[in-house]
4 protein chains.
Amino acid sequence: MSKKNKPTNQKEMSFIEKARRTQIVECAIETIAEVGYAQASLGQIAKRANISKGVISYHFSNKEELLEQIPIEYYLAWQAYVAPRIEAQTSPKDMLRVYIESNFAFIDENRQHVFAVIEVVSNKRTDDGKLQFAAGHDEAILLPIENILTLGMQEGVFREFTRSSARVMALTIRHAIDGFTLELVRKPHLDVQEYARELVTLFDKSTKK
Amino acid sequence: MSKKNKPTNQKEMSFIEKARRTQIVECAIETIAEVGYAQASLGQIAKRANISKGVISYHFSNKEELLEQIPIEYYLAWQAYVAPRIEAQTSPKDMLRVYIESNFAFIDENRQHVFAVIEVVSNKRTDDGKLQFAAGHDEAILLPIENILTLGMQEGVFREFTRSSARVMALTIRHAIDGFTLELVRKPHLDVQEYARELVTLFDKSTKK
Amino acid sequence: MSKKNKPTNQKEMSFIEKARRTQIVECAIETIAEVGYAQASLGQIAKRANISKGVISYHFSNKEELLEQIPIEYYLAWQAYVAPRIEAQTSPKDMLRVYIESNFAFIDENRQHVFAVIEVVSNKRTDDGKLQFAAGHDEAILLPIENILTLGMQEGVFREFTRSSARVMALTIRHAIDGFTLELVRKPHLDVQEYARELVTLFDKSTKK
Amino acid sequence: MSKKNKPTNQKEMSFIEKARRTQIVECAIETIAEVGYAQASLGQIAKRANISKGVISYHFSNKEELLEQIPIEYYLAWQAYVAPRIEAQTSPKDMLRVYIESNFAFIDENRQHVFAVIEVVSNKRTDDGKLQFAAGHDEAILLPIENILTLGMQEGVFREFTRSSARVMALTIRHAIDGFTLELVRKPHLDVQEYARELVTLFDKSTKK
DNA sequence: TATGAATGAGGATTCATTCAT
DNA sequence: AATGAATGAATCCTCATTCAT
């Protein structure tokens, strides 16, 4: 794994090409979610898609390139879902609540995808074996939370945060959400809304003045 | 993977046998921590241990059996470290603080082991492909936290928790700790003590009346 | 490879068809010359021709049929180049000189083509695995040299050759030329004319009475 | 192909290991000689050796490493055969004769090996597709001939050679020998000794004063 | 107990070829 | 006439596991 993987010049991708790629990525997600990263061979994925292994190689230069799409697509969908909901809020407290609630709703509606992302991301390594993202919190993912915290602090509704303590707060919120995801994998019948409510309370208290 | 795996009748394990097994598990931990789950073949592990691949098969009926030792040993060491420190406390608030602090200290001192556990556990699946432990929170791991919460509630220093909200609280604390671990993988120079302090504050506030 | 390969009934080949075939063969030559026989897949060739892979299959029933064109075309061009130049000579000695010189000139002007021929021919095998042409000296290629030798012998300017020793002589001349070609591949800056001159001297001496 | 290929630290190679490697190389030679380079897959080679494919991978890190042994072994055997025979001669003329004769004898006795070498060498390419040795005349192979020519010149029995014309002479002799090899592939019943004799005459004349 | 050797299944990838459009 | 898409066989390689010594 991990050579060049040029992302297949997007300008020139036909409609049908895009559809196929999407379908294959979809199947990869299902496969990883159901049998796990290690067992998700191209063969397995192809079988689930009812296509031949070669088709995958035809549309993706690499297994790596295929797997990369999973977090990419996820992140885009996540942002499209979460961002507008937060922007619709005015108070930082509501923003934080909505951040948690919309994340939970999004996860609930995209269980397989979330889980596949976790698997891919937690198995992605650089050539020298180092984990590339670990549980993988890009700045891009933490930033919205940190912004909410800053805003709440400026408005005087949240307690004081240093740069560092804001970061810990943000990370803890993310970890709570991500951790919940894994919990959901084990116990699919968890009451998602109740869990979300509890978390809202918890972080409400922990951010209060 | 995952056939019978008879755990090598423990009565009859000689001292030297135990030592060998320990040594091999140790090397497995190092290997996984350094090159990742996928690359941690028996060959790699054997090479690191300066023994032949066959030795591993001789001492463990399976790769699976070998890997299982990693969380098992970890759990025992974790308990031996954390439990007495909590028991030394009298107030629930201090218990919670010490729970967090001692977990952080333990992680800091056993980085490789923690990381290997994460890898093993997040790749461990039942024969039908289901994740066996997910982020892996046995009741045994959550119980101590829940006990602290109950105690604090009874003593009137913590807010009211339903069974369900206590569980969410406990899970969130665990997720914060586990999430921090992954963060530590990515950023080994994180200030562990400061992070712990922040977390203590955070959960102090969120449990307060 | 190697099934029927009907050579596309030549009567019915349109002009455009011929042009396409020629273009494709041209690209095959370039590809083989540059990346080598093993890497010269239809995909590579098509890419270089800026056409789709399918086009090749459309115009040639086989990869085999395509590759066959390379030595065929080469032989025709070679003959058209060399034959008249020899015929313009009167003395056997000059003929031999011109044979060598014109071969060298031809090779120099058609380096890619020569090299592709070598690759194709040295990889071409019958269905039972036997090399089909080896270094590929058809009678047709040796004949002109043997004719020159015979003539020179009859005119008394060359030494006596038995049928068998004439054949060795002819082969050696060919091998010298073909060997030079490979040398040229490795060292493209070789002084072709000087090499030719040396070879003329060498074979002049070796044929002398 | 063509990554690191560390040549398996030779110090530590056991007897049985060496034997196996030799056997496998032997089979690779046979396979290449009989079915050709392109068809000589590890599977084919393993089948001929009556071993499983994995055995090859066990003893050689690469297909590349395996194939490399073929010319290496050949060169060593060739040198061991030819060198002492030449050194046993006193006159340059005899040396040249013996060089040709012993090469022919060696080829005759090692037909498969010679042929395999040709295939390997003519398919060996650098990563950027350039032929690595072409027909592959290392200095090491040409040097003995050039030494003979120089000696003959100094003793006044050979004609004058410039550095460049000596090289052409040497190359031509090699090409004659290598070309004969290919001829032998096509026509296994060639009279080797007669061919050698003819070549001796030919080069005798062409080196004469 | 330990080892080197061997196995064979499974994985990713490449490729000639076919086919509907 | 041409193309993009799909196929499935074949290839090299890795690896857990077994076994004789």
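Descriptive notes on the structure:
- Test result for D:Ala19, at pLDDT below 95, in a helix (DSSP H, G or I), within 12 Å of DNA strand E (Cβ to nearest atom) and of a type in the set (A, V, I, L, M): yes
- When B:Ala33, B:Ala38 are screened for being more than 16 Å from DNA strand E (Cβ to nearest atom) and either modelled with pLDDT under 95 or in the same structural domain as B:Ala19 (by TED's automatic domain parsing) (or both), only B:Ala33 passes.
- Output for segment A:46-59, where each listed residue is near DNA strand F (Cβ under 7 Å from one of its atoms), of a type outside the set (A, V, I, L, M) and assigned to a helix (DSSP H, G or I): A:Lys53, A:Gly54, A:Ser57, A:Tyr58, A:His59
- B:Gln154 meets all of the listed conditions (1) within 12 Å of chain A (Cβ to nearest Cβ); (2) among the polar types (S, T, N, Q); (3) free of Cβ contacts under 8 Å to residues at least 24 places away in the same chain but one, namely (1).
- Among the residues making up segment B:18-37, those that are surrounded by 13 or more Cβ atoms within 10 Å (Cβ to Cβ) and charged (D, E, K, R) are B:Arg20, B:Arg21, B:Glu26, B:Glu30, B:Glu34.
- Residues of segment B:79-136 classified as in a loop (DSSP other than H, G, I, E, B) and more than 14 Å from every other protein chain (Cβ to nearest Cβ), total: 5
- Residue list for segment C:195-209, restricted to those being over 21 Å from the mean Cα position of the chain (by Cα), facing another protein chain (nearest Cβ under 7 Å) and open to solvent by less than 10 Å² (accessible area, probe 1.4 Å): C:Leu202, C:Ser206
- Those residues of segment A:60-78 which are open to solvent by 30 Å² or more (accessible area, probe 1.4 Å) and assigned to a loop (DSSP other than H, G, I, E, B), in sequence order: A:Ser61, A:Asn62
- Residue in segment D:51-66 that is away from DNA strand E (no atom under 16 Å from the Cβ), in contact (Cβ under 8 Å) with a residue 12 or more places away in the chain and in contact with a helix residue (DSSP H, G or I) (Cβ under 6 Å, 6 or more places away or on another chain) present: no
- Yes/no for B:Ala40 being within 16 Å of DNA strand F (Cβ to nearest atom), open to solvent by less than 30 Å² (accessible area, probe 1.4 Å) and not in a helix (DSSP H, G or I): yes
- A:Ala28 being within 24 Å of A:Phe115 (Cα to Cα), within 11 Å of DNA strand E (Cβ to nearest atom) and in a helix (DSSP H, G or I): yes
- For the residues D:Ala116, D:Ala77, the requirement of being modelled with pLDDT of 90 or more and either assigned by TED's automatic domain parsing to the domain that holds D:Ile24 or touching a His at 6+ places or on another chain (Cβ under 9 Å) (or both) singles out D:Ala77.
- For segment A:167-188, a tally of residues being at pLDDT 95 or above and more than 9 Å from every other protein chain (Cβ to nearest Cβ) returns 2.
- Check on D:Val185, surrounded by fewer than 18 Cβ atoms within 10 Å (Cβ to Cβ) and touching a residue at least 12 places away in the same chain (Cβ under 8 Å): no
The values are calculated or read from the model by the stated rules, or taken from the named source; none is laboratory data. This is a predicted model, so every value here is computed, not measured. Virtual Cβ from ideal backbone geometry, glycine too; neighbours counted across all protein chains shown. Please note that ligands, DNA and RNA were not included when accessible areas were found on the heavy atoms of the full protein model with its side chains. Shrake-Rupley method; radii C 1.70, N 1.55, O 1.52, S 1.80 Å.
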